[in-house]
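Participant: My questions will all concern the structure given below.
The numbers here are math on the coordinates, done by the rules we state, and not lab data. Computed from a predicted structure; not experimentally measured. Note: ideal-geometry Cβ built from the backbone for every residue, glycine included; neighbour counts use all protein chains shown.
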């Protein structure tokens, strides 16, 4: 008795079309050589062949690079605030990789526990994730060091694995199982299909060759926190751009800005990065004026401070920060070469 | 309806641009003019005192020298929805500070050409040399600039919907 | 290239040993295939890691303004012009740098290799330079491409393969052979458009921008301590990545670096979302040349473009 389903690859379009009736379906898309997300256009499933991962992570669909929070105006009676219409549109992200799905699991508590962030949560609660097993990890990937199998995920609603001319579909959440409940193209998977998927998962796991030694990483970082010379060396080729942080699926910092035109105001929030020197700028002082302090903050936040508060490392090994870095600054080398041995 | 005039702190430049934006009526070209206080601004004054008539579509920002005009003023003017930007200073050789207008000329040349390359219509960025005694020339410049800007129509460069009806939401 | 590399290591070691420089800035192998990473070191043992290959993409002069002391720096032609430009702007003192020049044959654009091979960069086994051809090996196959197809656009139009200014030259000077048509390919497309189409093109491109500021931070000509986009009093541009603000940022950035930009192409290469920034910077580079017959970074004694003027020059646009 098998628990999973399958669908012919050629029928994928039909399934996506069916989902499109209820959801805004987002699929991997390539434009100007850039892998990104786009609304399913009803026909093109060519991403099956080229897609490895997107440059901008799926977090952009929950915490967009910029969004309008509300509008306001001031008159003699005070401020009037006009909230945007409640965002109730349902979206379905097809093809999210296990690393990015885990990232959402890591990030969500931040918008849920300390305070409830209506903007993030509205989108998160209205979104279903259909994971796509990663069978061709990049040479910058190191997800396995963070406890992720590139072809397996429990952070999605539905998990899809390419097993040749078919996709194996595993329902993970109840909502995910419902997604395929009535689909006519979906068949019961055989034991052979499941065996094949298992084989693919194991093979994918082996394909990730970049490793990070995360044993006692919190303690190691804590010990060398004050080692200024070390961090200066680590940071010396960084150019302080925001690529590694803005494109990081677990980075969630945002900035809030008001725009006031003719007494009509709009409040925006947009991505921010601890790599920017004005990130911590305050009147009189900037505690992270020097580049090495900012680099240290980035590393320590992910591997030391976040685990202290949430008991999980805020990195999923997607490798974007390595792949996209203009100077090839590599966090795995930094972590593997910490001076402190614990 | 001659628009009011301001002094030249960056903040004032910005807030003044905002005041000019509030004009509401049927579409009429709105032009912001950055005038050097030593020449073109006095030229505008002379046009007024000598009862030269010119079109009321220009809002004037007084600057200490055409050399003060940062390309950012020009781009920001367009961003805020002005249909044209005029920079006017002293004739070459007449700068109160010796060289300000020469520097302005260089900067204006690249700003104008570069913005045209991006797709800004050439008529939107205008420049003139008007001395304090050229009241008539000032009136003529304003009329000409207004006419040219009227011909190309409203500035929808920074509007989200270019051909729609939504107004350019400035910043 | 191997010979150049050995000579570089020897020279760099000597410079450090003799105390002629405090730092060496060069390239060492990167952690991904076909990449290099800047090596900034005081330690003479590190010089063994220095490499020279067709992937030394960074313009290292960007690090000069942040280091104290005397620096030995490895440069390609375009990078040397950036240094010259920094000297013009009094940002770098000529005597404080020992310029180690590479007569440059051009750099390989991995995005182009991906395009012609249909493979991602990490799936390629080898990229080798043979004469005027590039051989790429993948899946047990070998494919040969003319350099024109895989070099960076700006390299194809390079006017200055031999550094403009150097103390040590690692090899024979190379004559310039700019292929303008090839290097202007993207610009030509824009030239053929109407103003409206061009504006819409840029509007679309800049709607992708995430404001990571990599274009600004990799640029040696962008040396302001505080960028105008970071000003909040008055706030000319919001730090919010709306296309309008992104576009204004880029327009003004290009105006600020007019006469300083040497067409090194770093802004476009660094952009994570593939905005064709060189189509802007190259146009500004051409404009400056057309209007004022000025090319950035060619003469260290030249007066910086924007601090200077001629009595008679382009003004037919002024009434």
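Participant: For chain A, what relative contact order do you get, as a whole percent, if you take Cα pairs closer than 8 Å and at least 6 residues apart? Don't skip to the answer; put the middle values down first.
Facilitator: Values: 602 pairs, mean separation 71.7, N = 342.
Relative contact order for chain A comes out at 21 percent.
Participant: Restricting everything to alpha-carbon atoms, can you work out Rg to Rh for the protein assembly as shown with a Kirkwood hydrodynamic radius?
Facilitator: Computed over Cα atoms, the ratio is 0.99.
Participant: To make sure I understand, if each residue's beta carbon is the centre and we count other beta carbons within 10 Å, what order do C:137, A:294 fall in, fewest to most?
Facilitator: Ascending number of Cβ neighbours within 10 Å: C:137, A:294.
Participant: What does the C-alpha gyration tensor say about the overall shape of the range A:110-265? Classify as rounded when a/c is under 1.5, otherwise prolate if a/b is larger than b/c, or oblate.
Facilitator: Working: a/c = 2.60, a/b = 1.31, b/c = 1.98.
It comes out oblate by the Cα gyration axes.
Participant: For each of A:89, A:306, count neighbouring Cβ atoms within 10 Å of the residue's Cβ, then give the residues from fewest to most.
Facilitator: In increasing order of surrounding Cβ atoms, one gets A:89, A:306.
Participant: What's the FRET efficiency of residue C:129 with residue A:45 using the Cβ-Cβ distance as r and R₀ = 30 Å, to the nearest 0.05?
Facilitator: Working: r = 38 Å, r/R0 = 1.27.
The value I calculate is 0.20.
Participant: Could you give the alpha-carbon Rg of the range C:50-125 over 2.2 N^0.38 Å, rounded to two decimals?
Facilitator: 1.37
Participant: Hey, another quick one. Classify the range B:5-152 from the C-alpha gyration tensor, please: rounded if a/c falls under 1.5, else prolate or oblate depending on whether a/b exceeds b/c.
Facilitator: rounded
Participant: Okay, moving on. Can you give me the relative contact order of chain C as a percent, contacts being Cα pairs under 8 Å and 6 or more apart?
Facilitator: Relative contact order for chain C comes out at 16 percent.
Participant: Report relative contact order for the range C:108-150 in percent, whole number only (criteria: Cα-Cα under 8 Å, sequence separation at least 6).
Facilitator: It rounds to 32 percent for the range C:108-150.
Participant: Work the Kirkwood hydrodynamic radius out for chain C: mean of 1/r over every pair of different alpha-carbon atoms, inverted, in Å.
Facilitator: It is 20.8 Å.
Participant: Dividing the Cα radius of gyration by the Kirkwood radius, what Rg/Rh value follows for the range A:196-342?
Facilitator: Ratio value, two decimals: 1.05.
Participant: Under the classification rounded if a/c is under 1.5, otherwise prolate if a/b is larger than b/c and oblate if not, where does the range C:108-150 fall, given a ≥ b ≥ c as square roots of the Cα gyration tensor eigenvalues?
Facilitator: Working: a/c = 1.92, a/b = 1.25, b/c = 1.54.
Here the range C:108-150 falls in the oblate category.
Participant: When averaged across all projection directions, what area in nm² does the alpha-carbon convex hull of the range C:200-319 cover?
Facilitator: The directionally averaged projection comes out at 9.0 nm².
Participant: Can you put C:52, C:168 in order, fewest other beta carbons within 10 Å first?
Facilitator: Ranked by crowding around the Cβ, least crowded first: C:168, C:52.
Participant: Assuming 0.36 nm per residue, please report the length gained on full extension of the stretch residue C:10 to residue C:300 beyond their Cα-Cα distance.
Facilitator: That pair, residue C:10 and residue C:300, stretches by 101.6 nm at full extension.
Participant: Summing -39500 (n - 2.57) over the DSSP H runs of n ≥ 4 in chain C and dividing by its residue number, what mean residue ellipticity at 222 nm do you reach, to the nearest 500 deg cm²/dmol?
Facilitator: Helix-only estimate at 222 nm: -9000 deg cm²/dmol.
Participant: Now a separate question. With N set to the number of residues, divide the alpha-carbon radius of gyration of the range C:251-319 by 2.2 N^0.38 Å and report two decimals.
Facilitator: The reported ratio for this selection is 1.23.
Participant: Now for a separate question. Stick to the Cα atoms of chain A, pair each with every other, and give me the Kirkwood hydrodynamic radius in Å at one decimal.
Facilitator: 21.8 Å
Participant: To continue, here is another question. At 1.306 mPa s and 10 °C, plugging the Kirkwood radius over alpha-carbon pairs of the range C:136-176 into Stokes-Einstein gives what diffusion coefficient in µm²/s?
Facilitator: Estimated via Stokes-Einstein, D reaches 123 µm²/s.
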